[in-house]
Structures are given as C-alpha cells and as structure tokens.
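S.K.: My structure is below; once you've seen it, I'll send some questions.
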Amino acid sequence: MIQQAEGLKLNPRLMLIDDADRQAKWYFALKANLLESRRTGAPMVHPMDGPVTLRWRS
C-alpha cells in the first residue's frame, strides 16, 4: 500500500481491465459524454448500444 500511495502521487493514468472493470469504463464514458453535452449543448450520446449482460465468476 505504501508503494501504491507513492505511485499515485505522480497522478498516473487509470488502467482498467476490460471485463473486470466494464462498469467503471461505462461510468467514465457516461460522465465524459454528459460533461461534453453540457459544454456544447448537444444531446448526450449514451456509450452503450443496447442491453448488456455481465457475468462474473468468483
């Protein structure tokens, strides 16, 4: 945790794993699209094309 805290001081890019972080990727895409639509006044574009089923194994 100490090494992680030291690395985060440098403000690195967030690296997300495709399947495990799918919800986080959607959240960041939604947030970016919302901010862009508010900035430009254009309608917001949803990052997902349609319904998606997520499955996890533990």
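S.K.: Restricting segment 11-33 to residues that are surrounded by 13 or more Cβ atoms within 10 Å (Cβ to Cβ) and in a helix (DSSP H, G or I), which is modelled with the highest pLDDT?
M.R.: The residue in question is N33.
S.K.: Next up: Filter segment 34-58 down to the residues that are surrounded by fewer than 11 Cβ atoms within 10 Å (Cβ to Cβ) and of a type in the set (A, V, I, L, M), then identify the one that is farthest from M15 (Cα to Cα).
M.R.: Here the residue is A42.
S.K.: Any idea which of (1) touching an Asp or Glu at 6+ places or on another chain (Cβ under 9 Å); (2) among the small types (G, A, S); (3) outside any loop (DSSP other than H, G, I, E, B) is the one A42 doesn't satisfy?
M.R.: (3)
The values are calculated or read from the model by the stated rules, or taken from the named source; none is laboratory data. Everything quoted here is computed from the prediction, not taken from an experiment. Glycine gets a Cβ as well: all are built from the backbone with ideal geometry, and neighbour counts include every protein chain shown.
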